[in-house]
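Colleague: Take a look at this one; I'll ask things after.
The values are calculated or read from the model by the stated rules, or taken from the named source; none is laboratory data. As the structure is a computational prediction, the values presented were derived from the model and not from experiment. Reconstructed Cβ throughout: ideal geometry from the backbone, glycine too, with neighbour counts over all protein chains shown.
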Amino acid sequence: MLIPLTHLKQSAPLWTAEGCQALDRHLIASGVVGFELMCRAGRAAWALIQQHWSPVPLSVFCGAGNNGGDGLVVAALAHQAGWPVRVVMMGAPEALHHEAAEAWDMAERVGVASVSLAAWQPVAHDELIIDALLGIGVKGAPRAPISEAIEQINDATHAVIALDAPSGLNVDTGHCAGECVRADMTITFIAVKPGLLTGQGPAVCGPVWWADLNSETVSAPRPPMGFVPSADVLSLPQRQATAHKGDHGHVLLLGGDHGMGGAVILAAQAALRSGAGLVRVLTRSEHVAPLLQRQPEVMVEPLPDDAFIDGVLVHNETLDMALDWADTVVIGPGLGRHEWGREVWRYICTHWQGPMVADADALYWWASGDMPSASLAAQTLMTPHPGEAARLLGMATRELQQNRFEAVEALLEQYHCGAVILKGAGSVVGPFSGAQRWMVCPWGNPGMATGGTGDVLSGICGALSAQGIALVHTAMVAVGVHARAGDCAAQQGQRGLVASDLIGFVRHLLNDPE
């Protein structure tokens, strides 16, 4: 099986490097010869190359381990097919061991040429570089001569395909501690690794393809740490023929301080297009008319200044009635970091005891020490981007991004919330029950890095929660649909994409996720 991770037919488990190595040993113990496994990897990579490139010169950079052996198999196959091939070895071939030595013998036997790193130069503008330097065992920064080879690969500005993982990438976390190959495409073998999809992984991997090498024929020796979803897990139950609007949830949205009404409008529109039966917004009075003009299906009421006494939001009949009516509260879009937003947040923390989506400035106030009750926190879906998550955890954003899984674990432990979406490339969702604790989203694109897309996500989350979907499954479906909507919108170009472009696609994908 050779398939892009964005088009999986069923969800795939995520394995750490240690888990993959155990799976590899288990395959060999079950009767698969180690060199045969290497040849399967090489054949899969060669098939992928032929799918995407016409015959061009190949430079195959090979390390001393089994990843280098995979590259040598590719080199032998390409040479036999008549492609110009050079192998750039990171050391003497005599130093190779076991399967990698067998692969060198095969490449040498068919006549593959080899050159030293010092002697290598690209020979054509369309030359394709194969990265088979390190594979998946990297934890720290690569050292010379590997680091020098990585620099040369990146400086060459030629197309690069990485075997198993770009050299220099930590496949457990997605962190690059030093030099890292910037691949245009990655083919990963046997199992999918989480770091390919999150952290710096999306920036250095390019599109990721998975070749399982028939590993599904043996049982895994240990459970995986998470999963990457297929589109079918985003499907929702069919609606009853006798359903009415009250059956599909009441969403209450709170936000839109001065100058930030657009955020709550986007969230409200997304909630409606995600199937909420009724959507109600409490906001600043100046946003009422624009919201009704933009989306007349929304019920909208002002939260007036006279509801505040000496800056404190006191007992408010409008807000209390809205809370009695709501199934799920979404708070944060455009809430602001001034007195108005703080008091609305505090009021919800003390007067609401149902499912809640906390986004944007709600997380600012939460991090500032205004804490919801333990029972409310346990029913809350927290949706921070990396900067917000870093503030919640009292750390630098760059440090947090080095291990996004640990960051989500820390948020759950420190804030006792029911579920977390850590947004960004390769959004991480959790916790799921059992060993597969995390979901990593394979969809999305850089065009979505624009104001308002997070507000759209919070509206989707609120609508799904109000329809009775469990919190972590709400998060999974919302993240997947949101990212895929972004990919649909980006078909007209990533540059210039705006948040409202996603909303129509959200409706389509929730009705037909395939």
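Colleague: Return the only residue of SER274, SER230 being among the hydroxyl-bearing types (Ser, Thr, Tyr) and within 30 Å of MET299 (Cβ to Cβ).
Modeller: SER274
Colleague: I'd like to know if segment 464-483 contains one or more residues that are in contact with a Ser or Thr (Cβ under 7 Å, 6 or more places away or on another chain) and of a type outside the set (A, V, I, L, M, F, W, C).
Modeller: Yes, segment 464-483 contains at least one residue that is in contact with a Ser or Thr (Cβ under 7 Å, 6 or more places away or on another chain) and of a type outside the set (A, V, I, L, M, F, W, C).
Colleague: Follow-up question, since we're still on this one. Identify all residues within segment 356-384 that are closer than 22 Å to ALA268 by Cα and either of a type in the set (Phe, Trp, Tyr) or in a strand (DSSP E or B) (or both); write none if there are none.
Modeller: MET356, VAL357, ALA358, TYR364, TRP365, THR380, LEU381, MET382
Colleague: Ok, one more. Can you pull out the residues in segment 174-200 that are more than 19 Å from MET225 (Cβ to Cβ) and of a type outside the set (D, E, K, R)?
Modeller: CYS176, ALA177, GLY178, CYS180, VAL181, ALA183, MET185, THR186, ILE187
Colleague: Being surrounded by 21 or more Cβ atoms within 10 Å (Cβ to Cβ) and either at pLDDT 95 or above or part of a helix (DSSP H, G or I) (or both) narrows it down to one of GLY68, GLY82, so name that one.
Modeller: Sole residue among the options that is surrounded by 21 or more Cβ atoms within 10 Å (Cβ to Cβ) and either at pLDDT 95 or above or part of a helix (DSSP H, G or I) (or both): GLY68.
Colleague: Take the residues in segment 432-467 that are at pLDDT below 95 and not hydrophobic (A, V, I, L, M, F, W, C); name whichever of them is farthest from GLY261 (Cα to Cα).
Modeller: Step by step, filter segment 432-467, then rank; the result is GLY434.
Colleague: Among the residues of segment 94-113, write down those that are touching a strand residue (DSSP E or B) at 6+ places or on another chain (Cβ under 7 Å) and surrounded by fewer than 19 Cβ atoms within 10 Å (Cβ to Cβ).
Modeller: ALA113
Colleague: Using the structure shown, decide if ILE190 is of a type in the set (Val, Ile, Thr) and at positive phi.
Modeller: yes
Colleague: Which is out of contact with any strand residue (DSSP E or B) (no Cβ under 7 Å at 6 or more places or on another chain), in contact (Cβ under 8 Å) with a residue 60 or more places away in the chain, surrounded by 21 or more Cβ atoms within 10 Å (Cβ to Cβ) and outside the structural domain of LYS193 (by TED's automatic domain parsing), of VAL428, VAL456?
Modeller: Answer to the check: VAL456.
The rows are residues; the columns are (1) within 30 Å of HIS175 (Cβ to Cβ); (2) under 21 Å from the mean Cα position of the chain (by Cα).
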position: TRP325; (1), (2): no, no
position: HIS338; (1), (2): no, no
position: GLY354; (1), (2): no, no
position: ALA358; (1), (2): yes, yes
position: TYR364; (1), (2): yes, no
position: VAL408; (1), (2): yes, yes
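The rows are residues; the columns are (1) surrounded by fewer than 13 Cβ atoms within 10 Å (Cβ to Cβ); (2) at pLDDT below 95.
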{"site": "LYS193", "(1), (2)": "no, no"}
{"site": "VAL204", "(1), (2)": "no, no"}
{"site": "SER215", "(1), (2)": "no, yes"}
{"site": "PRO224", "(1), (2)": "no, yes"}
{"site": "ASP232", "(1), (2)": "yes, yes"}
{"site": "PRO237", "(1), (2)": "yes, yes"}
{"site": "ALA243", "(1), (2)": "yes, yes"}
{"site": "HIS248", "(1), (2)": "no, yes"}
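Colleague: Can you pull out the residues in segment 126-140 that are closer than 19 Å to GLY91 by Cβ and in a strand (DSSP E or B)?
Modeller: Once the filter is applied, which keeps residues that are closer than 19 Å to GLY91 by Cβ and in a strand (DSSP E or B), segment 126-140 yields ILE129, ILE130, ASP131, ALA132.
Colleague: Within the set of pairs 6 or more residues apart or between chains, which connect a residue that is part of a helix (DSSP H, G or I) inside segment 1-29 to a residue that is of a type in the set (Phe, Trp, Tyr) and modelled with pLDDT of 85 or more with Cβ atoms less than 7 Å apart?
Modeller: Listed by first residue and then by second, the contacts come to LEU5/TRP210; THR6/TRP443; LEU23/TRP15.
Rundown of residues vs (1) surrounded by fewer than 24 Cβ atoms within 10 Å (Cβ to Cβ); (2) of a type outside the set (Gly, Ala, Ser); (3) assigned by TED's automatic domain parsing to the domain that holds LEU253, yes/no style:
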site: PRO333; (1), (2), (3): no, yes, yes
site: GLY336; (1), (2), (3): yes, no, yes
site: GLY341; (1), (2), (3): no, no, yes
site: GLY354; (1), (2), (3): yes, no, yes
site: ASP370; (1), (2), (3): yes, yes, yes
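Colleague: Kindly list the number of the only condition in (1) closer than 17 Å to LYS193 by Cα; (2) modelled with pLDDT of 95 or more that fails for VAL74.
Modeller: Only one criterion in (1) closer than 17 Å to LYS193 by Cα; (2) modelled with pLDDT of 95 or more is unmet by VAL74, namely (1).
Colleague: Going by what's in this entry, would GLU388 be described as under 21 Å from GLY462 (Cβ atoms) and of a type outside the set (A, V, I, L, M)?
Modeller: The answer is yes for GLU388.
Colleague: Looking only at segment 268-282, decide whether some residue is in a strand (DSSP E or B) and surrounded by fewer than 22 Cβ atoms within 10 Å (Cβ to Cβ).
Modeller: yes
Colleague: Return the pairs, sorted by first residue and then second, in which the second residue is part of a helix (DSSP H, G or I) and buried (at least 16 other Cβ atoms within 10 Å of the Cβ), the first residue lies in segment 279-305 and is without any contact (Cβ under 8 Å) to a residue 60 or more places away in the chain and among the polar types (S, T, N, Q), the beta carbons are less than 8 Å apart, and the residues are 6+ apart or on different chains.
Modeller: Sorted first by the residue in segment 279-305, then by its partner, the pairs are THR283/GLY261; THR283/VAL264; THR283/LEU291; GLN295/ILE265; GLN295/ALA268; GLN295/GLN269; GLN295/LEU272.
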